[in-house]
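Just so it is clear, none of the values below were taken in a lab; they were calculated from the coordinates. Just so you know, these numbers come straight off a predicted model, no measurement behind them.
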Amino acid sequence: MAHVVIWSRGALRDLEALEEYLQPEEHLEAQQFLLRLVDTPDKLGEHPRLGRQVPEEGVDYLRELIVGRYRLVYEIGHDRIEILRIIAQSQDFRTAWNRSQ
């Protein structure tokens, strides 16, 4: 059974902030990266455990995909995958994660 992939409000805010920071309308590389970031989770519908467990949390249902220098954090539910956050690898995970709670 395929899972539905959805984006949380927090992940959409992260994506919007990243888009503002990268200014894709001025940089082709930024456009391509943002497209890759948005397209990458599509694979999760068929392969929900594709990403690794988030090491700071250590639970099977909370996972991440690494896209460039960013951690795309997602949660596996019964019939859906929810993209929760986009966190730069240079950021402290706990600090970034707690801001979304």
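Values computed for the structure shown
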item	result
Rh (Kirkwood; distinct C-alpha pairs) - the chain, Å	13.9 Å
Cα long-axis angle, helix 9-22 against the chain (0 to 90 degrees, to the nearest 10)	30 degrees
